[in-house]
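Here is the structure we will look at, set down as structure tokens.
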């Protein structure tokens with residue numbers, strides 16, 4: 001199926017080729033087609049291809065999930081550069097542990113648990129104030145500037161408040177509210193007793209409520 | 001009136017109360033504006049997290065990740081079936097080693113005319129007793145028979161290994 005797709009794809013682009021260097025053009029186009037075919041594969045198929053030795057398939061998984069993984073790390077560690085480092089490390093860990101991934105389950109939550117753990121480890125090593133010093137980008141200012149400013153202020157407020165929580169509380173909030181995990185799943189991910197998960201979460205909410213009331 | 005405590009309100013928010021406790025909390029929330037207000041403020045808090053929009057990643061990590069991945073060994077997919085086969089194969093290998101060692105050392109001593117200490121000729125006396133007649137009968141084969149047996153065994157071994165390895169990376173049903 002994949003070979004058939006590839007030959008169809010290459011035939012399609014070769015029909016329009018008028019270059020004087022057909023071999024080079026063919027190679028470039030073939031590589032482009034191979035990439036295009038990978039982008040159409042499901043995550044589970046890409047994992048299978050990676051396990052069969054196709055590293056490009058893992059590259060496609062990275063391109064597909066790097067933004068969501070980066071955002072998980074960003075919400076826990078705060079600093080953009082740290083978040084990039086954590087994301088990169090998480091993908092390498094994921095590659096090493098790929099054989100243990102159950103392909104009947106979605107890939108993103110599995111990856112996010114690795115990111116969350118690495119981010120938590122890093123955040124716990126950092127001083128709590130370090131992560132508060134970074135400015136965040138203000139998005140969507142062009143379409144409706146006034147609304148954009150309000151949204152950005154609200155976003156900034158939420159971020160500042162979340163980043164004032166202890167890292168373990170932040171990680172629990174991330175997994176509960178952004179990854180929609182149950183108490184048991186969070187407990188398994190962070191290797192914490194369920195009672196600690198509940199305690200962190202409830203106290204985090206209490207503190208956030210308090211922080212929001214202060215800024216209103 | 002006894003208000004709902006903080007953990008109960010949080011568990012209610014997360015839909016983590018059992019049916020009885022939830023019904024009790026529902027009944028209380030219907031008549032208690034304080035607890036209803038507390039629950040509403042927690043709901044507003046969790047809704048406010050939506051304000052944290054997804055940020056674009058500052059730069060593509062795929063090239064850097066692939067460079068690091070290229071330096072690492074390829075991941076090996078050991079399925080449960082594959083792990084069982086490998087464990088069984090290891091057990092058989094250890095068993096064969098224990099069984100064959102006294103026979104092979106005896107043959108080696110005969111071939112090289114070196115007198116080995118008794119412990120080398122019979123390092124596993126209990127096993128030798130257990131395998132009994134077969135262990136006694138086999139050393140009577142000459143070296144060519146043994147070569148054939150061991151060579152054939154090695155070929156079978158390699159074929160089985162190849163089959164196990166090819167079964168390890170078999171594709172599963174795909175689902176995104």
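The values are calculated or read from the model by the stated rules, or taken from the named source; none is laboratory data. Given the structure is predicted, the values throughout are model-derived calculations rather than measurements. Positions of Cβ are generated from backbone atoms using ideal geometry, with glycine treated the same way; all protein chains shown enter the neighbour counts.
A few notes on this one:
- When residue B:46 is tested against (1) farther than 30 Å from residue A:62 by Cβ; (2) more than 10 Å from chain A (Cβ to nearest Cβ); (3) part of a helix (DSSP H, G or I), only condition (2) is not met.
- Taken together, B:137, B:36, B:51, B:70 contain a single residue that is more than 30 Å from residue A:88 (Cβ to Cβ) and at pLDDT 70 or above, which is B:36.
- Some residue of the range B:44-56 being farther than 30 Å from residue A:86 by Cα and touching a residue at least 12 places away in the same chain (Cβ under 8 Å): no
- Residue match in the range B:50-57 (condition: more than 7 Å from every other protein chain (Cβ to nearest Cβ) and part of a helix (DSSP H, G or I)): yes
- Count - residues of the range A:166-216 that are closer than 18 Å to residue B:52 by Cβ, facing chain B (nearest Cβ under 9 Å) and over 25 Å from the mean Cα position of the chain (by Cα): 2
- Hey, residue B:41 more than 29 Å from the chain's Cα centre (by Cα) and either within 7 Å of chain A (Cβ to nearest Cβ) or within 24 Å of residue A:160 (Cβ to Cβ) (or both) or not: yes
- Residue within the range A:67-79 that is under 19 Å from residue B:76 (Cα atoms) and in a helix (DSSP H, G or I) present: no
- Filtering the range A:46-65 to residues that are closer than 23 Å to residue A:179 by Cα and either more than 8 Å from chain B (Cβ to nearest Cβ) or crowded, with 20+ Cβ neighbours inside 10 Å (or both) leaves A:46, A:47, A:58, A:60, A:61, A:62, A:64, A:65.
- When restricted to residues that are assigned to a loop (DSSP other than H, G, I, E, B) and modelled with pLDDT under 85, the range A:18-51 contains 5.
- Hits in the range B:58-74 (condition: more than 7 Å from chain A (Cβ to nearest Cβ) and part of a helix (DSSP H, G or I)): B:63, B:67
- Residues located in the range A:182-195, provided they are touching a residue at least 24 places away in the same chain (Cβ under 8 Å) and assigned to a helix (DSSP H, G or I): A:189, A:190
Every residue, every condition in (1) within 20 Å of residue A:205 (Cβ to Cβ); (2) in the same structural domain as residue B:157 (by TED's automatic domain parsing), yes or no:
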{"site": "B:19", "(1), (2)": "no, no"}
{"site": "B:43", "(1), (2)": "yes, no"}
{"site": "B:59", "(1), (2)": "no, no"}
{"site": "B:64", "(1), (2)": "no, no"}
{"site": "B:75", "(1), (2)": "no, no"}
{"site": "B:85", "(1), (2)": "no, yes"}
